[in-house]
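Taking it in order: structure first as structure tokens, then the write-up.
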Amino acid sequence: MDSNGNKSVKPNKLCSKSIKLTKAQKGTVGEYQAIVDLTKQGYHVALACNPQCPFDLVAVGEDGEIRLIDVKSNTYRRKSKKTYKKSLKIYRCPTARQKKLKIELMMVDNENQ
């Protein structure tokens with residue numbers, strides 16, 4: 001016990017259970033993965049601050065090229081027909097508004113989440 005009479009908890013071995021992230025957390029991780037990838041490609045990247053914005057990132061290249069990007073996490077169907085050995089990927093497409101604004105989708109894998 002510490003001086004206040006509370007039991008102190010000592011850190012022990014890491015828990016072997018995997019922590020499941022929420023959809024929002026997976027989305028945030030995916031956005032930062034995309035930022036890292038784009039930065040490595042030489043883009044200057046800004047994160048959209050409005051949650052209702054139709055895009056997540058603005059990437060500006062050294063030549064002035066501007067890319068509006070909506071980041072999506074790859075997802076797979078859990079149950080598929082017996083004839084399929086692997087899970088099927090779920091494909092995404094831009095909304096009509098995103099098409100009009102020429103917003104591109106960037107797919108990221110959240111393998112460990």
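Rule-based calculations on the coordinates, nothing more; no lab input. All values reported here derive from a predicted model rather than from experimental measurement. Cβ sites come from the backbone with ideal geometry, for glycine too, and all protein chains shown count toward neighbours.
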Residue tally, condition out of contact with any Gly (no Cβ under 6 Å at 6 or more places or on another chain), farther than 12 Å from Leu38 by Cβ and in contact (Cβ under 8 Å) with a residue 12 or more places away in the chain, over the range 69-78: 6
Identity of the residue in the range 33-81, within 24 Å of Tyr91 (Cα to Cα) and among the β-branched types (Val, Ile, Thr), that ends up nearest to the chain's Cα centre (by Cα): Val71
